[in-house]
Amino acid sequence: MTSTLPAKVTASTSQHGTIGGVPGAPSRTRAQALLARVTGGYDTGGTEVQAPFTGNPIATLPQATDAEARAAYSGARQAQRSWSAVPVAERQRILLRLQDLVLDRQDEVLDLIQAETGKSRMDAFDEVAAAALCASYYGKHSAKLLGAKRRAGALPVLTRASEVRHPKGVAGIISPWNYPLALTALDVLPALAAGNAVVQKPDNQTCLSALWLHELACEAGLPEDAWTIVLGRGSVIGDAIVEESDYVGFTGSTPTGKRLAGQIAERLTSFSLELGGKNPMIVLDDAKVDAAAKGAVTACFSSAGQLCVSVERIYVHESVKEEFTRAFVAQTERLRLGAELDFSADIGSLTSADQLDTITRHVEDARGKGATVLTGGRARPELGPLFYEPTVLTDVTPEMTVYAEETFGPVVSIYGYTDLDEAVDNANATAYGLNASVWSRNGARGRAVAARIRAGTVNVNEGFAASFGSIDAPMGGVGDSGVGRRNGADGILRYTESQTIAAQRGLRLRPFRGMPPKLWTRLMSRGVKAMRHLPR
Ligand code: NAP
């Protein structure tokens with residue numbers, strides 16, 4: 001496995017003028033300017049976050065109290081009234097301008113994402129692409145998705161029914177640290193497009209990427225107060241978000257999601273939960289082995305495996321297992337780990353010490369219980385404090401933590417199978433159901449196997465990118481992977497209340513004056529039967 005010179009990272013520790021002392025990162029002044037966008041003059045002290053590449057401080061962040069987070073809602077409520085009165089066509093124009101700004105100024109945010117998350121530049125670019133695709137999708141389609149729809153009325157011709165959509169009000173969005181630009185865009189932009197105001201709590205570790213998108217959205221024409229960013233720990237301001245929002249969009253771990261769902265239920269507020277996964281890949285006996293091995297490398301190790309849809313379990317037909325494993329391990333060992341803010345490294349660092357602890361614990365538990373480490377299995381402190389090698393395990397058994405628990409890191413287990421039904425059963429055998437991948441030379445066969453997997457998205461001859469990039473199609477999880485969907489029509493309609501407006505003309509839905517009720521019910525029964533034959 002190739003690596004960067006340790007000297008690179010050591011040198012960075014003296015470069016305190018940049019964010020986290022990361023060479024080439026934006027200046028600390030730029031970070032302070034972005035932080036000035038945080039609403040509220042919190043005077044409760046700050047918290048410091050570190051750059052994963054160096055361990056040096058990024059910035060000291062203002063942290064809201066519960067009262068300060070609640071105060072953000074009164075401003076947001078006021079802003080929502082005027083924002084919802086802005087015609088949808090104008091909201092769309094703002095999103096299309098935002099798409100241009102994101103693409104034109106991507107270098108700025110690629111630097112910020114790398115400095116905050118430690119991921120490679122190519123992985124950071126996936127975030128830029130997702131944000132731009134999302135802005136363009138809702139920039140083009142919101143009016144059609146939100147527009148009033150004619151519905152079949154109770155009585156043909158005489159009842160005119162239509163469904164109209166109203167914004168929920170203020171949407172509270174809670175975002176994790178792993179895809180700070182993409183997940184901010186995917187959840188915040190459709191909420192705004194639907195005429196809601198947004199109060200967002202990004203993760204402290206990666207708030208600058210969210211603040212950057214906020215800055216660009218305002219440049220594109222969004223009124224500043226329509227989207228408010230509050231910073232603080234979930235344990236301090238989480239209750240305010242749950243209790244003040246008219247909709248809660250949460251992305252994060254399953255335990256936190258379940259806890260919040262219980263709290264939200266008390267208020268009967270609607271919500272979506274985008275949670276964890278233990279995503280499987282099935283390689284069929286007719287798969288192109290080399291392509292599957294290459295696809296698996298991207299599927300398992302993008303963003304150092306800290307991606308909710310990345311693959312952590314691979315089921316390979318015994319007839320191709322040896323060839324697949326050889327190719328997969330060889331390609332994994334060619335990956336270049338590095339901390340540069342350019343495209344020279346394939347894989348970056350983990351994002352936090354907690355991540356490094358979890359990954360080390362999972363691998364050591366597996367090793368201690370008899371798993372074989374085919375490659376990787378160790379930290380690389382000489383590259384930076386949080387680097388960990390892409391790791392391939394085999395001989396993994398159900399007693400091992402890594403078997404069914406989400407690792408959320410660059411660790412994957414390979415299992416052989418002879419019977420496809422057994423492989424599908426194993427793929428479906430965890431509590432999760434977020435994403436899956438199937439490899440076959442035969443597209444129809446691949447899609448048929450995909451439909452048998454219990455997961456919100458399944459990619460055929462791809463790991464996750466095909467579904468992740470298909471913004472027109474819904475994305476989300478089943479079981480412990482979540483409730484609700486982002487993207488597509490679902491991704492914007494979740495932020496609306498539907499209202500049925502039904503107008504009756506002429507005949508009322510009661511007996512005419514003087515008509516015996518029994519006769520009326522007979523006529524109506526005949527009518528209801530006849531209506532079965534109408535086209536709609
Ligand atoms: P997490 O600990 O649940 O945190 C996620 C966010 O929730 C953070 O901003 C966190 O802030 C906040 N939070 C924690 N407790 C809260 C509370 N009581 N009230 C309100 N907010 C609270 O998850 P994570 O470990 O950061 O993220 C990784 C997990 O997210 C993985 O399981 C991954 O699979 C999942 N994920 C899912 C998707 C998806 O689309 N399905 C996408 C990305 C990530 P604080 O830490 O400051 O409290």
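The values are calculated or read from the model by the stated rules, or taken from the named source; none is laboratory data. Remember, it's a predicted structure, so these values are computed and weren't measured experimentally. All Cβ positions, even for glycine, are placed from backbone atoms using ideal geometry, and neighbour counts span all protein chains on display. For accessibility, only protein heavy atoms count, side chains too; no ligands or nucleic acids. Shrake-Rupley method; radii C 1.70, N 1.55, O 1.52, S 1.80 Å.
Quick notes on this one:
- Restricting region 478-524 to residues that are in a helix (DSSP H, G or I) and among the hydroxyl-bearing types (Ser, Thr, Tyr), the residue that is most open to solvent (accessible area, probe 1.4 Å): Thr521
- When residues of region 257-283 are limited to those that are closer than 21 Å to Val198 by Cα and β-branched (Val, Ile, Thr), the one farthest from the ligand (Cβ to nearest atom): Thr269
- Evaluation of Asn178 against (1) in a loop (DSSP other than H, G, I, E, B); (2) over 29 Å from Thr60 (Cα atoms) (one fails), failing number: (2)
- Hits in region 76-85 - residues which are touching a helix residue (DSSP H, G or I) at 6+ places or on another chain (Cβ under 9 Å) and surrounded by fewer than 16 Cβ atoms within 10 Å (Cβ to Cβ): Gln78, Ser82
- Scanning region 258-296 for residues that are out of contact with any Phe, Trp or Tyr (no Cβ under 6 Å at 6 or more places or on another chain), assigned to a helix (DSSP H, G or I) and surrounded by 22 or more Cβ atoms within 10 Å (Cβ to Cβ) yields a count of 1.
- Among the residues making up region 218-242, those that are away from the ligand (no atom under 16 Å from the Cβ) and either touching a residue at least 40 places away in the same chain (Cβ under 8 Å) or open to solvent by 70 Å² or more (accessible area, probe 1.4 Å) (or both) are Glu219, Ala220, Gly221, Leu222, Pro223, Glu224, Asp225, Ala226.
- Candidates Thr401, Thr394: the one that is among the polar types (S, T, N, Q) and either open to solvent by less than 10 Å² (accessible area, probe 1.4 Å) or touching a strand residue (DSSP E or B) at 6+ places or on another chain (Cβ under 9 Å) (or both) is Thr394.
- Filter result for Ser175 (within 16 Å of the ligand (Cβ to nearest atom), closer than 20 Å to Arg494 by Cα and among the polar types (S, T, N, Q)): yes
- Put simply, of Glu333, Glu312, Glu340 the only residue that is open to solvent by 30 Å² or more (accessible area, probe 1.4 Å) and either charged (D, E, K, R) or farther than 30 Å from Gly491 by Cα (or both) is Glu333.
- Taking region 361-387 as the range and being within 16 Å of the ligand (Cβ to nearest atom) and either within 22 Å of Gln114 (Cβ to Cβ) or not basic (Lys, Arg) (or both) as the test, the residues that pass are His362, Leu386.
- Checking each residue of region 193-201 against the condition of being in contact with a helix residue (DSSP H, G or I) (Cβ under 8 Å, 6 or more places away or on another chain), modelled with pLDDT under 95 and farther than 26 Å from Gly469 by Cβ gives no match.
- Residue-level analysis places Arg334 outside the set of residues that are within 16 Å of the ligand (Cβ to nearest atom) and over 20 Å from the mean Cα position of the chain (by Cα).
- Lone unmet requirement of (1) under 18 Å from the mean Cα position of the chain (by Cα); (2) free of Cβ contacts under 8 Å to residues at least 24 places away in the same chain for Lys149: (1)
- Of the residues making up region 129-175, those that are among the basic types (Lys, Arg), assigned to a strand (DSSP E or B) and within 26 Å of Ala240 (Cα to Cα) number 0.
- Any hit, region 493-501, residues being within 16 Å of the ligand (Cβ to nearest atom), touching a residue at least 60 places away in the same chain (Cβ under 8 Å) and closer than 28 Å to Ala185 by Cα: yes
- Every pair of residues 6+ apart whose Cβ atoms lie under 6 Å, when the first sits in region 430-448 and is free of Cβ contacts under 8 Å to residues at least 40 places away in the same chain while the second is open to solvent by 20 Å² or more (accessible area, probe 1.4 Å) and assigned to a strand (DSSP E or B): Arg447/Val460
- Boolean, Gly527 is open to solvent by less than 70 Å² (accessible area, probe 1.4 Å) and modelled with pLDDT of 95 or more: no
- Screening region 439-464 for residues that are among the hydrophobic types (A, V, I, L, M, F, W, C) and surrounded by fewer than 17 Cβ atoms within 10 Å (Cβ to Cβ) and picking the one that is nearest to Ala429 (Cα to Cα) gives Ala451.
- Residue match in region 301-314 (condition: within 16 Å of Ser413 (Cβ to Cβ), within 16 Å of the ligand (Cβ to nearest atom), in a loop (DSSP other than H, G, I, E, B) and within 17 Å of the chain's Cα centre (by Cα)): yes
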